[in-house]
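Working notes, structure below.
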Amino acid sequence: MRSLDAPGSTPQDGRVRVWRVLLEWLVFGLTASGAAWLVAKRLLATPTEFGPVAPPWAARVLALHGGIAMLALVVAGAWLQAHVAPRLCGSAGRNSGFLQLGLLIVLISTGFGLYYVAGDSTRPVWSAVHWLSGLALPVILLIHRRLAARHG
């Protein structure tokens with residue numbers, strides 16, 4: 001099996017790299033599935049006498065989105081221990097990192113809220129906060145990565 005470690009790196013560096021790559025793919029999957037659901041719900045819904053109805057595949061995309069989110073929670077927990085905790089003091093990307101953590105907290109809270117708390121009257125607000133935060137997260141992730149590359 002080919003090692004992900006660069007010459008002179010420690011096994012810990014390799015594990016951190018694996019968690020980072022996995023988390024980045026999960027963020028991509030969450031963004032893609034969330035955007036697909038948004039397109040289905042907002043642009044492709046068919047008007048009916050009972051209100052707009054999303055295409056049948058939208059429910060499967062939303063289920064996929066929820067499944068990826070569950071896996072992302074586990075990976076993000078590992079990422080916090082492996083990457084965030086050692087860099088809390090003095091990191092060049094600390095502000096963008098804290099912004100990402102804040103967005104993650106908003107996404108987790110609003111995702112939970114959409115599933116368990118939101119009623120018909122509050123669902124649009126929960127939803128808007130969730131998808132706006134979800135679309136912002138990959139942008140902040142790219143900025144964070146660029147800052148790390150510049151200072152690393």
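Could you give every pair whose Cβ atoms fall below 7 Å, whose first residue belongs to segment 36-53 and is surrounded by fewer than 11 Cβ atoms within 10 Å (Cβ to Cβ), and whose second residue is in a strand (DSSP E or B), counting only separations of at least 6 or pairs across chains?
These pairs meet every condition: T46/V53.
In segment 71-100, how many are at pLDDT 90 or above and surrounded by 12 or more Cβ atoms within 10 Å (Cβ to Cβ)?
7
If the requirement is being assigned by TED's automatic domain parsing to the domain that holds L142, touching a residue at least 24 places away in the same chain (Cβ under 8 Å), buried (at least 17 other Cβ atoms within 10 Å of the Cβ) and within 18 Å of the chain's Cα centre (by Cα), which of these qualifies: L62, L107, L30, L26?
L107
The values are calculated or read from the model by the stated rules, or taken from the named source; none is laboratory data. Computed from a prediction, not measured in an experiment: that's the story for all the values here. Positions of Cβ are backbone-derived with ideal geometry, glycine not excepted, and every protein chain shown enters the neighbour counts.
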